[in-house]
Amino acid sequence: MFGVLFEQAADGQRYIDWLLSGLGWTLALAFFGWWIAFAVGLVVGIGRTVQNGMIAALARLYVEIFRNIPVLVQMFLWYFVLPELLPNALGNAIKQMSPPWGSFFPALVCLGLYTAARIAEQVRAGIEALPKGQTEAAHALGLTGYMTYRYVIVPQALRLIVPSLTSEVMGIYKNTSVALTIGLMELTAQARQISEATFQTFTAFGAATLIYLGLALIAYQSMVLIDRAVRIPGTTPAKDAIEPRLADDVQPVGSLPEAMEVVK
Amino acid sequence: MLQEAQTKRSSDIVVVENLVKRFGRFTALNDVNLSVRTGERIVVCGPSGSGKSTLIRCLNRIEKHDSGRIVIDGLELTDRMTDVTCVRREVGMVFQSFNLFPHLSVVENCMLAPMKVRGLSRPDAHERAIGLLRKVRIHDQADKYPGQLSGGQQQRVAIARALCMQPRIMLFDEPTSALDPEMVNEVLETMVELARDGMTMVCVTHEMGFAREVADRVVFMDRGGVVEEADPDTFFRAPRTERARGFLRQIIH
Ligand SMILES: Nc1ncnc2c1ncn2[C@@H]1O[C@H](COP(=O)(O)OP(=O)(O)OP(=O)(O)O)[C@@H](O)[C@H]1O
Ligand SMILES: [Mg+2]
């Protein structure tokens, strides 16, 4: 049934090559987006738990803004609106970036910062789940606030939230498909293009689905391995320690068909 | 007046004057005065909720007091974080619930603060840690994690961890209350040894045998205030106040 994928397309490549190129962009977006999300999310999540009210309020503001605007709208904001807001020269330079990069970078920033807001909430939950005695003991030993976070709080909190970070990894790579709305030829966009070129809708999206499923399995398995590798001897697994209460709403794109209209 | 305060400062390593601590509208400590001389062993006791934990937690500013003065080794505890950190370096604390860092091995628990706060090199911190773990007779477990130890072992590690900072004062908040009965003694023995070495200690505990054996003074607290202070013999034989008598009847059954 997937035979058509190995036929030659109009551009001389095979359809499978289209799919693989899409997969490449999907992976690049998810991978680099994840590290942005993790770094920013960690900082913001810690910011939400510090004594300093100003910092905590700013961190909260970040989370509320980036978590509550639909990711599709954020994508448009970065792609269409931001260049208009910047000084003319800079805005034009952004608009004139060559094809894949012109949509890749906005998509990267968008997914990174959106996912960061979600990770920040996980980090905060992890930190707040630790007994107060940990901070007290660290302070009693003379560790400063920074050292307490660096050596005592954060290492424990991160271990605690490995399971919920798994769903964020899956969330970010699923959300990469939203990037097709600003013209990035990632996996879903390529599947759609194949379906239009060959009229084999089922084959095209079937192949994309299998690839997404395969990626999910890989992500899940690697997180299981990481969870095992960082487990503290003499403790029970972190699983179930914190309910992944954010995990059930990782697919925020309400109406993909409508979104796809934009590409046309 | 000023001169008096200064002479006090020179001989007393802990000076608490008119200490008040409130939690919201509830006054947990009401005008507490206490001084501790270098090398002195104080046992603090009193009914639950009388403010014992709050008092010793104020001594290293894990709890901020609302008014009054706390001077530790010549440094007054205020909002100045540099002073607070200086004081915390010199004051070791042992908690009822151990509070070891579960993600670090026993020896790493003992090395963290000396390396990060005192600036010791890793080998020096390791050597010091092993030495003190040996002192609390637990060096053979140095590479285990806290979750793999019994309660009594964990508490002895917590004592060693505090000692690794070479503090001038040790605070204990009911160090044996969370332990199974058969483990209480191993921890008390460690504390007795520490007392023999001349460590200045402030211990909240209801272990009256320990109090009799090592305490220079028993401080009895009730309802947020110090009600009675006496040497252990006098306190246990002839408590002056009715409240202390009532308390002693209860814990001795
Ligand atoms: N963080 C807090 N917030 C509000 N109230 C508190 C807090 N900590 C202590 N208290 C109150 O202050 C009073 C004194 O508490 P503290 O823990 O010092 O008592 P304690 O003498 O150590 O008692 P115990 O023997 O039960 O440990 C109690 O009534 C307690 O409820
Ligand atoms: Mg207490």
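The values are calculated or read from the model by the stated rules, or taken from the named source; none is laboratory data. Since the structure is predicted, the reported quantities are computational estimates derived from the model, not experimental observations. A quick note on method: Cβ atoms are made from the backbone with ideal geometry, for glycine too, and the neighbour counts reach across all protein chains shown. Protein only, heavy atoms only, side chains kept; ligands, DNA and RNA dropped before computing areas. Shrake-Rupley method; radii C 1.70, N 1.55, O 1.52, S 1.80 Å.
Just a few scattered comments:
- Relative contact order of chain B, pairs being alpha-carbon contacts under 8 Å that are 6 or more residues apart, as %: 25 percent
- For the residues of B:94-106, the average number of beta carbons from a partner chain within 10 Å of their own beta carbon is 5.
- Given a 1.4 Å probe and the protein chains as shown, A:Ser222 ends up with an accessible area of around 50 Å².
- For the peptides A:92-100, A:205-213, the ranking by packing is A:205-213, A:92-100, with the highest mean count of neighbouring Cβ atoms within 10 Å listed first.
- Between A:Glu7 and A:Trp35, the FRET efficiency from the beta-carbon distance, with R0 = 41 Å, is close to 0.65.
- Calculated FRET efficiency for the pair B:Thr78/A:Ala93, C-beta based, R₀ 56 Å, to 0.05: 0.55
- 3J(HN,Hα) from dihedral phi, region A:230-235, Karplus parametrisation 6.51/-1.76/1.60, rounded to Hz, x for glycine, proline: 9, 4, 7, x, x, 10
- Value of relative contact order over region B:97-224, rounded to a whole percent, pairs C-alpha under 8 Å and six or more apart: 25 percent
- Taking the helices alone, chain A has a mean residue ellipticity at 222 nm of -22000 deg cm²/dmol, built from -39,500 (n - 2.57) per DSSP H run of at least 4 residues and averaged over all its residues.
- Using a Förster distance of 51 Å, the FRET efficiency for B:Ser48-A:Val224 (Cβ separation, nearest 0.05): 0.65
- Rg/Rh for the protein assembly as shown, where both radii come from Cα atoms and Rh is the Kirkwood radius: 1.14
- Charged neighbours of A:Leu19, selected by a Cβ distance under 14 Å, balance to -3 (K, R count +1; D, E count -1).
- Pair A:Arg231, B:Arg196: separation of 7 Å Cα→Cβ label points (nm): 4.3 nm
- Within chain B, the ratio Rg/Rh, alpha carbon atoms throughout and Rh by Kirkwood, equals 0.97.
- Between B:Arg25 and B:Asp143, the simple spin-label model (points 7 angstrom out along Cα→Cβ) gives 5.9 nm.
- Working note: Cα gyration tensor of region A:11-236, eigenvalues times five, square-rooted, sorted largest first, giving semi-axes of 38, 24, 12 Å.
- Helical contribution to [θ] at 222 nm, DSSP H n ≥ 4, -39,500 (n - 2.57), averaged over chain B, rounded to 500: -12500 deg cm²/dmol
- Other protein chain C-beta atoms within 10 Å of residue C-beta, averaged over A:66-74: 0.
- With all protein chains in place and ligands, DNA and RNA left out, the 1.4 Å accessible area ranks B:Ile252, B:Ile13 as B:Ile252, B:Ile13, largest first.
- Model label points for A:Leu86 and A:Leu20, set 7 angstrom from Cα along the Cα-to-Cβ axis, are 3.4 nm apart.
- A convex hull fitted to the Cα coordinates of region B:133-253 yields 120 cubic angstrom per residue.
- Rolling a 1.4 Å probe over the protein heavy atoms of the protein assembly as shown, with every protein chain left in place, gives an accessible area that is 56 percent carbon and sulfur.
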